Amino acid sequence: MRKYEIRLSGSGGQGLLLAGIILAEAAIEDGLNAVQTQSYGPEARGGASKSEVIISEDIIDFPKVRNCDILLSLTQKSYEQYNDNLKDDGILIIDSSVNVNTSSNSKIFSIPMLDAASKILGKPMVTNIIAIGALVALTEAVSKEALTRAVLKRVPKGTEELNKKALELGYEIAGKAII
Amino acid sequence: MPSPLIESYFRSENLPQIWCPGCGHGIITRAIAVAIEKSGLDRDKICIVSGIGCSSRAPGYLDFNTLHTTHGRALAFATGIKLANPELKVIVITGDGDCTAIGGNHLIHACRRNIGLTTIVYNNNIYGMTGGQYSPTTPKFDKGTTAPYGNIDKAFDICNLAASAGATYVGRATSYHTNLLISLVLNALKNDGFSLIEAISGCPTYYGRKNKKGSAVNMLEWQKDNAVNISSASKMAPEMLEGKFLIGELKNSPEPEYASEYQKIIDKVMKER
Amino acid sequence: MTNSFKLMQGNEACVEGAIAAGMKFYAGYPITPSTEIAELCSEKLPVVGGKFIQMEDEIAGMAAVIGASLTGQKSMTATSGPGFSLKQENIGYASYAEIPCVIVNVQRGGPSTGQPTSPSQGDVMQARWGTHGDHPIIAICPSSVKETFDLTIRAFNLSEKYRIPVILLMDEVVGHMREKIELPDIADIEIIDRKRPNCDSDEYLPYKAEADLVPLMADFGAGYRYHVTGLAHDETGFPSNSYEVADKLIRRLMNKIEIHKDDIITWEEENIDDADVLIIAFGGVARSAKAAIKQLRENGIKVGLFRPITIWPFPQERLRELADKVKVMIVVEMNLGQLILEVQRICNNIVKIDGVNKVNGEIIYPEEIVTKVLEVI
């Protein structure tokens, strides 16, 4: 049975809530069940925030991540705060700026997602789309077609081309990820 | 035998009312009924809403859609009625404590929104229903059962408060100046937005007795002697106005009414769909 | 591939349900974690010709909802713990004056400002006894996004049918969670409206109960000029100082709900037939219980779930029957033991009763329930 427990972490304002919603909607497009939750502090921007998505063929009872299959961390602070229940054989996807000190067997992919957004596309606000592109490229948690449709459904009108580019860029840099 | 006005606009089966002999509230309530009669409004479309206190018992005696709510909240209940059905003419009867102490926040926001409510504040400078405690309009140094040594709070000027907060029609009269009161209430009913009429009332039982103001007649005489109509105030020297209070139409500056502004939003979004 | 399923947040499902139920008026004040409900009502109500108003405070929000309901409009407000406390006086007014309305409380950690963004179920007793005096109330608790949609409609229906304020007692878990939902066809939804009089206006007695103990309710402005008060009142609606009238009124209000318990009370049972251990959980935490039961069943432990959907009035008759079938009851709740008081009242000395409780602002994990079950069997 297919089941993914995914945690997206970063700093408030990086758009990870939206990224989680997009992943969950893509899963539903794929005919799967999905639950998305988040937790946040009082800050609207900054701090450490997380958005969780559980994708499953089965009914999802408990809505929070317990045994994390996939952890995405865009910042050092969020990595440190939210890496606790990554499975031993889980997948860790970090921005290149994050330093990881782990003895677990989890697969670690270090990807310059923040740089790609600001330096290649010149739009830091699409980091979240690059990140889910990379995440899906590496894990196949949802289909690329469903993900593309879900992204286009959720992003602001007039930004569709930019976001499509961001998604492609995510796929591309995931392929060159440093393990 | 009740008069034709009483017969027509009062629930005579509920009379006599509970107010003390000499209380000004009956006079004010009659003035409201006369103003409604003169307005020609459809009585089935009139709602009278009140809070808690002596004044707030008035709606029970008046034959309209009447709502006696919780202490201080009449304006908030009335806001719900008016916005939900703007066809209704909503009148709020409240007192100095109900309206400016526990309900003070609702007052300033109802004024600010300019929602179509006609508010009549029966101001007797005291909490009568609970037995004579000082209110936000008890004059400084006057006594109440909770101010045995004199009240050190500064009193609110309800009309200034309402006008500053955005009420578009404001006036003041007394239980002595009933013809003025009737005409002010009538004008207030004609204003689409938020109107406030302060009706100075006399409480011989508590405020009067605590502060040695004499009989009910003495208290009416005090109203007569100390009220200055705004039309003559400008011609008077400042020292002549000392200790006096203004009556008459204090503000009349119509602005768009809240419920009709909201209707514009509905029309706009429904058209866009 | 496209399908009719969509991802929806619990708070959004509440608004969709309310609009499907015929809500035409919302008044409220912003408070986490219920704010999305106000935001969505402000967007969606004008589209259906309804009205939204952000009031100056929580008390005013409740008051405006009662006023609007008196004009015949289905009305709702939403809040969370501190705001729910502020609304209580007027909720009592609605209960006593029999004004239909729906109050959503998306519970958060308390008391006081507490943990605004964290889940809790600390308002179980506030939902029942928050206002002063004996009074009837109905409180229902959804545990999924779809159920939030369904129960919001049910809250309006019960409220209209019995002229009573109905509390939709949500929690932050369900309110903020997004999950897959398929909305039903509007035509398939049962909608109940209050019964209105059609007699002559001079024959109308606004508080004379019908056979079902519910009086007919005229809209303000419909030509029946009547009086509504929070004072003890007789059938005419006018205040009365009679002891007999006051007594008769409160007893009728309580009986009005008591005699319709079978219609009002609902619950869910899962794996009950052979269960030795019965887990009692509601709202978001029932999902933890379901996950725990799966885990325990895989290990051969006979555990079942009793999930009250209506928590007030509490499904006491069914729970009493189950007490004879199981050996242990475990009440799982995000508070230090509120619903367990009700379970103890009903089942004490019949079965062993234990609790899993948590008040740190985190949902109860299935593992915590598993641990407790293994400890007590």
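All of the numbers you see were taken from the coordinates with simple rules; none came from a lab. Here the structure is a predicted model, which is why all the values come from computation and not from measurement. We place every Cβ from the backbone using ideal geometry, glycine too, and count neighbours over all the protein chains shown.
Taking square-rooted eigenvalues a ≥ b ≥ c of the alpha carbon gyration tensor, is segment B:1-149 rounded, prolate or oblate, where a/c under 1.5 means rounded and, failing that, a/b exceeding b/c means prolate? Cα axes put segment B:1-149 in the oblate bin. By the count of other C-beta atoms within 10 Å, a proxy for reagent exposure, A:Leu147, C:Leu183, B:Leu196 are ordered fewest to most as C:Leu183, A:Leu147, B:Leu196.
Most simply put, segment C:1-153 has about 10% antiparallel DSSP beta bridges, counting only bridges with both residues inside it. If both residues of a DSSP beta bridge must be in the protein assembly as shown, then about 35% of such bridges are antiparallel.
Kirkwood's formula applied to the C-alpha pairs of segment C:172-327 gives a hydrodynamic radius of 19.9 angstrom.
Computed over Cα pairs, the Kirkwood radius of segment C:269-376 leads via Stokes-Einstein (1.567 mPa s, 4 °C) to a diffusion coefficient of 96 µm² per second.
Our summary of shape: the Cα atoms of segment B:171-242 have principal axis extents of 41, 31, 18 Å, ordered from largest down, in whole angstrom.
For segment A:3-175, the fraction of C-alpha pairs farther apart than 25 angstrom is 24 percent. Label-point separation (nm) for C:Leu374 and B:Glu239, each offset 7 Å from Cα along Cα-to-Cβ? Taking the two extended label points, one gets 9.5 nm.
Considering only B:Asn191, B:Thr29, B:Tyr122, and ranking their Cα positions along the charge dipole of segment B:4-272 that arises from unit charges at the beta-carbon of Lys, Arg, Asp and Glu, the one farthest toward the positive end is B:Tyr122. Normalising the average separation of contacting C-alpha pairs (under 8 angstrom, six or more residues apart) by the number of residues puts the relative contact order of chain B at 18 percent.
Rg and Dmax, both from the Cα atoms of the protein assembly as shown and both in Å, are 31.0, 100. Look at the alpha carbon pairs under 8 Å that are at least 6 residues apart: their mean separation over the length of segment A:3-175 gives a relative contact order of 23 percent. Please report the base-10 log of the normalised intensity I(q)/I(0) for segment B:115-273, using a Debye sum with one equal scatterer per alpha carbon and no solvent, at each q in 0.15 (1/Å). Here log10 of I(q) over I(0) equals -0.86. Of all beta bridges that DSSP places with both ends in segment B:4-272, some 20 percent have antiparallel geometry.
Please state the Cα pair-distance histogram of segment C:26-182 with 5 angstrom bins from zero: what percent is in each bin? In whole percents, the pair-distance histogram is 2, 10, 20, 24, 23, 14, 5, 1, 0.
Summarising the overall dimensions of segment B:4-272 from its C-alpha atoms, the Rg and Dmax are 18.2, 66 angstrom. In the calculated pair-distance distribution of segment C:164-212, the portion above 13 angstrom amounts to 79 percent of the Cα-Cα pairs. Relative to one another, the C-alpha centroids of segment C:173-227 and segment B:14-62 are positioned 30 Å apart. Cross-link partners of B:Lys45 among lysines, defined as those whose alpha carbon lies under 18 angstrom from its own and excluding same-chain residues fewer than eight positions apart: B:Lys82, B:Lys89, B:Lys190. The charge dipole of chain C, taken about the Cα centre with unit charges on the Cβ atoms of Lys, Arg (+1) and Asp, Glu (-1), comes to about 220 debye, rounded to the nearest 20.
From its DSSP helices (H runs of at least four residues, each -39,500 (n - 2.57)), chain C gives a residue-normalised ellipticity at 222 nm of -11500 deg cm²/dmol. Phi angles of segment C:289-300 translate, via the Karplus equation with coefficients 6.51, -1.76, 1.60 and θ = phi - 60°, into HN-Hα couplings of 4, 5, 5, 5, 5, 4, 4, 5, 4, 4, 9, x Hz per residue; Gly and Pro are given as x. Taking the Cα centre of segment C:233-377 as reference, the dipole from Cβ charges on Lys and Arg (+1) and Asp and Glu (-1) amounts to some 180 debye. Once the Kirkwood radius over Cα pairs is known for segment A:1-102, the Stokes-Einstein relation at 10 °C and 1.306 mPa s delivers a diffusion coefficient of 116 µm²/s.
Placing unit charges on C-beta atoms (Lys and Arg positive, Asp and Glu negative, everything else neutral), compute the dipole magnitude of segment B:4-272 about its Cα centre in debye, rounded to 20.
Dipole size: approximately 400 debye.
For segment C:91-230, the Stokes-Einstein estimate of translational diffusion at 37 °C and a viscosity of 0.692 mPa s comes to 193 µm²/s, using the Kirkwood hydrodynamic radius over alpha-carbon pairs. Residue ranges A:106-119, C:25-38, A:166-179, B:109-122 sort as B:109-122, C:25-38, A:106-119, A:166-179 when ordered by packing (mean number of other C-beta atoms within 10 Å per residue, highest first). Working from the Cα coordinates of chain C, the gyration tensor eigenvalues give, after taking √(5λ), semi-axes of 36, 24, 19 Å in decreasing order.
Couplings 3J(HN,Hα) for segment A:157-163, derived from phi with the Karplus relation 6.51 cos²θ - 1.76 cosθ + 1.60 (θ = phi - 60°), are 4, x, 10, 4, 5, 4, 6 Hz, where x marks Gly and Pro. Pairwise over distinct Cα atoms, reciprocal of the mean inverse distance: report the Kirkwood radius of segment B:181-220 in Å, one decimal place. Taking every pair of different Cα atoms in segment B:181-220, averaging 1/r and inverting gives 12.0 Å.
Please compute the contact order of segment C:269-376 in relative form: average sequence separation of alpha-carbon pairs under 8 Å and at least six residues apart, divided by the residue count, as a percent.
RCO, segment C:269-376: 31 percent.
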